[in-house]
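Below: one structure, written as structure tokens.
The values are calculated or read from the model by the stated rules, or taken from the named source; none is laboratory data. The structure presented is a predicted model; accordingly, all values stated were derived computationally and were not measured. With ideal geometry, Cβ positions are generated from the backbone for all residues, glycine too; neighbour counts draw on all protein chains shown. These accessible areas exclude ligands, DNA and RNA; they are computed on the full protein's heavy atoms, side chains included. Shrake-Rupley method; radii C 1.70, N 1.55, O 1.52, S 1.80 Å.
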Amino acid sequence: MKDKPKNKKPIFLFIGKDKEPLFSKKNKKLLSDPLDDNNPITVQVLGICSALAITVQLEPAIVMTMSVIFVMACSNVIISVLRNLIPNRIRIIVFLVVISSLVALVDQFLKAYAYEVSKELSIFIGLIVTNCIIMGRLEAFALGNGVWKSFLDGIGNAFAYGVILILVAFFRELLGSGNLMGVQVIPDFIYEMGYENNGLMLLSPMALITVGIIIWIQRSRNKKLIEQG
Amino acid sequence: MNRESNSYTFLFIGVMIVGIASILAYTSQTLKPLQKENIRKEKMQNILSTVGVNVSPEEAEELYNQYVIEELSLRNDGTVNENLNPFSDINLAKELKKDYSNQHFPLYVAEIDSEKFYIIELRGVGLWDAIWGYMSLKSDFNTINGVSFDHKGETAGLGAEITKDWFKDSFVNEKVFNENGDLVGITVLKGNNDPNNTDKDDHEVDAISGSTITGDGVTDMIIERLNNYLPYLKKLNIAQL
């Protein structure tokens, strides 16, 4: 989506009428905002379901992050391209069709080129379809903004989602099974001294509690997020 | 054209569906050979893993051809059907739905260090969906040498644990026939008094907490599939039969 020839009519394909630089302050904010002030998980509390399901180990969390980044960036772009063509009444259906076909594509490619990973993630890949972040960003952003902006918004939100996912997975795998990426990191002598892995970390409630702790830390650092009451 | 009119909406949907369907169909068709190849190699890996040969997908084919010396398609009366390649032509899931008299069962014979192993294919149902696997028996067709299990949708952390080594290892050296020569299979039992599985003559392995139904599925799958091979064994007249 680099500079395209300017067209008189505001054709849906191109970035927009204004000559904004590709990484203007506003555009950069689209990338950085979701990381903190407007984080999809910790602030908007979207996509919590998958944050519980696939954060037992680090590796699936990372693959999930990459798949979501891909699906989200692409679906944001596609919807943004089509935004002036989509009949308003069936827009949610169109979103669903676009998201699920992208997910089906990811699934097919993983099965062909990364079979082991695809087996590991099996149902979770399909669950990207139900990831509310994607639907939410399509409705709230891509439907009303240009292609480039939507692309950045998609990357930003998916990345911010992934950061939380990876953070939670890091602590759950470390404390729950003493591993990272499937490799044991807690040395044996600590176990011999009486340390035990905390099996509770492997169960979904601890994912919520970990997310809760992250929210707590984030809010104590970022006073903007505290609701005035 | 008015974006909100019915005809536009139908037109939009029509174009969208045709477009997306062709893209998906095209990708699926182009990637299918690669996917099939992955599945084939995985099958070889699984078969080899039951005889203690753990290989990467790349080496699977070569080592499979090296170790597996015989592939047989057995009819339910114990005769061998020469016209059927058990590895590629028998899909046990479909086979089990057929009329019993038309069913075929694959038997793989592997030889490692001049020791013979019989590998049978397993297929049954767990709690949510199909479970399957392979089981290798030593040359007496009684002692289990190794098993491999897989599943479609058992609960992660509970039923899905059947794929883990600690569970599979508990089958090793268990016997599937009792002293009288009756086929008893292996029972996955909870409240087994032998949690470390030191008793190898009890035809029991310890169950996984929270996955009783998957465990029962494994029990049933083993005895049912073993039963299919009895006629062939009687013909071979191996050991205690």
For segment B:98-122 the number of residues that are under 15 Å from B:TYR229 (Cβ atoms) and buried (at least 18 other Cβ atoms within 10 Å of the Cβ) is 11
Could you tell me which of the residues B:ASN173, B:ASN197 is more than 17 Å from the chain's Cα centre (by Cα), in contact (Cβ under 8 Å) with a residue 24 or more places away in the chain, closer than 17 Å to B:ILE119 by Cα and part of a loop (DSSP other than H, G, I, E, B)?
B:ASN173
Subset of segment A:83-97 [free of Cβ contacts under 8 Å to residues at least 60 places away in the same chain and either within 10 Å of another protein chain (Cβ to nearest Cβ) or polar (S, T, N, Q) (or both)]:
A:ILE86, A:PRO87, A:ASN88, A:ARG89, A:ILE90, A:ILE93, A:VAL94, A:VAL97
State which residue pairs qualify: first residue at the interface with chain A (Cβ under 10 Å from one of its Cβ atoms) and open to solvent by less than 30 Å² (accessible area, probe 1.4 Å) and inside segment B:151-162, second residue of a type in the set (Val, Ile, Thr) and not in a loop (DSSP other than H, G, I, E, B) in any location, beta carbons under 8 Å apart, and separation of 6 or more residues or different chains.
none
Filter result (more than 11 Å from chain B (Cβ to nearest Cβ) and surrounded by fewer than 20 Cβ atoms within 10 Å (Cβ to Cβ)) within segment A:70-82:
A:PHE70, A:CYS74, A:VAL77, A:VAL81
Within segment B:184-205, is even one residue open to solvent by 60 Å² or more (accessible area, probe 1.4 Å), hydroxyl-bearing (Ser, Thr, Tyr) and modelled with pLDDT under 90?
yes
State whether one or more residues within segment B:127-145 are touching a residue at least 40 places away in the same chain (Cβ under 8 Å), assigned to a loop (DSSP other than H, G, I, E, B) and touching a Ser or Thr at 6+ places or on another chain (Cβ under 7 Å).
yes
So A:GLU196, is it farther than 15 Å from A:ASN76 by Cβ, over 17 Å from the mean Cα position of the chain (by Cα), within 14 Å of another protein chain (Cβ to nearest Cβ) and acidic (Asp, Glu)
no
Filtered residues of segment A:83-95 (kept if open to solvent by less than 50 Å² (accessible area, probe 1.4 Å), more than 13 Å from B:PHE10 (Cα to Cα) and assigned to a helix (DSSP H, G or I))
A:PHE95
Could you list, ordered by first residue, the pairs with Cβ atoms under 6 Å in which the first is in segment B:20-35 and of a type in the set (A, V, I, L, M) and the second is open to solvent by 40 Å² or more (accessible area, probe 1.4 Å), at least 6 apart or interchain?
B:LEU31/A:GLN108
If you go through segment B:176-194 one residue at a time, how many are within 19 Å of B:TYR229 (Cα to Cα) and in contact (Cβ under 8 Å) with a residue 12 or more places away in the chain?
9
Per the list (1) in contact (Cβ under 8 Å) with a residue 12 or more places away in the chain; (2) of a type in the set (Asp, Glu); (3) open to solvent by 40 Å² or more (accessible area, probe 1.4 Å), residue check on A:ASP153 breaks on (3)
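Do you know which of the residues in segment A:29-56 that are in a helix (DSSP H, G or I) and more than 23 Å from A:LEU202 (Cβ to Cβ) is least open to solvent (accessible area, probe 1.4 Å)? Steps first, answer last, please.
Within segment A:29-56, the subset in a helix (DSSP H, G or I) is A:29-35, A:48-53.
Cutting the leftovers down to more than 23 Å from A:LEU202 (Cβ to Cβ) gives us A:29-35.
On the way: A:LYS29: 111, A:LEU30: 30, A:LEU31: 55, A:SER32: 63, A:ASP33: 45, A:PRO34: 6, A:LEU35: 78 Å².
Applying the filter and picking the extreme gives A:PRO34.
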Need pairs with beta-carbon distance below 9 Å; first residue within 15 Å of B:ASN46 (Cα to Cα) and within segment B:90-117, second surrounded by 10 or more Cβ atoms within 10 Å (Cβ to Cβ) and among the small types (Gly, Ala, Ser); sequence gap 6+ or separate chains.
B:PRO106/B:SER73; B:LEU107/B:SER73; B:TYR108/B:SER136; B:ALA110/B:SER136; B:PHE117/B:ALA110; B:PHE117/B:SER136; B:PHE117/B:SER139; B:PHE117/B:GLY146
Find all pairs meeting these conditions: Cβ atoms under 6 angstrom apart; at least six residues apart or on different chains; first residue within segment A:54-67 and more than 15 Å from A:ILE155 (Cα to Cα); second residue assigned to a loop (DSSP other than H, G, I, E, B) and not acidic (Asp, Glu).
A:LEU58/A:MET181; A:GLU59/A:MET181; A:PRO60/A:ILE54; A:ALA61/A:ILE54; A:ALA61/A:THR55
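Can you say whether B:GLU71 is without any contact (Cβ under 8 Å) to a residue 60 or more places away in the chain, open to solvent by 50 Å² or more (accessible area, probe 1.4 Å), more than 19 Å from the chain's Cα centre (by Cα) and away from chain A (no Cβ under 14 Å), as far as the supplied structure shows?
Numbers: without any contact (Cβ under 8 Å) to a residue 60 or more places away in the chain: yes; open to solvent by 50 Å² or more (accessible area, probe 1.4 Å): yes; more than 19 Å from the chain's Cα centre (by Cα): no; away from chain A (no Cβ under 14 Å): yes.
Judged against the criteria, B:GLU71 is not a match.
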Taking segment B:142-158 on its own, how many of its residues are under 17 Å from the mean Cα position of the chain (by Cα) and within 15 Å of B:VAL205 (Cβ to Cβ)?
6
Just to be sure I understand, how many residues within segment A:57-69 are touching a helix residue (DSSP H, G or I) at 6+ places or on another chain (Cβ under 7 Å) and open to solvent by 30 Å² or more (accessible area, probe 1.4 Å)?
3
Restricting attention to segment B:43-57, does a residue exist that is more than 14 Å from chain A (Cβ to nearest Cβ) and open to solvent by 50 Å² or more (accessible area, probe 1.4 Å)?
yes
Please find, within segment A:98-131, the residue that is surrounded by the most Cβ atoms within 10 Å (Cβ to Cβ) out of those that are within 19 Å of A:VAL147 (Cβ to Cβ) and at the interface with chain B (Cβ under 9 Å from one of its Cβ atoms).
A:VAL98
